[in-house]
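These notes concern the structure reproduced below.
Here, each number is a calculation from the coordinates, and none is a lab measurement. Computed from a predicted structure; not experimentally measured. Cβ: placed from backbone, ideal geometry, glycine included. Neighbour counts: every protein chain shown.
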Amino acid sequence: MTNCLLKGKENDDAETRKQACKSLIVSVMVLGVKNLQPETRSKILETFYACFDDYAVDRRGDVGSWVRQEAMVSVNKYVSLLVDCDDKQVRDQMAIDTPAFFERFISMFL
């Protein structure tokens, strides 16, 4: 999750952050949402949303957009995994069925 985030260092590479986002969602899909610790589930979602604030620019232009795009794809897949999860404990822990979840996470895309 740390590799997904902008660190503000000179050798911080947007392509690495983009691939870290892609790897994070693949890992979640392989492991399954049910098999993650409750705090890890929340941290993953927060990590994807933190990637939306990546506005890094270098000689290639807005390289942060690569990370933002991958984060949007990944958060879409992650929320789908959460919504489709049949484990009531996971759904309750993430408060998926509440208006607060919708307001915080889903309404950003509308």
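For the chain, a Gaussian network of Cα nodes joined below 10 Å ranks LEU31, LEU82, LEU45 by mean-square fluctuation, and the top entry is LEU31. Applying the criteria of a DSSP loop state and at most 15 other Cβ atoms within 10 Å to the chymotrypsin sites (Phe, Trp or Tyr not before Pro) of region 35-110 yields PHE52, TYR55.
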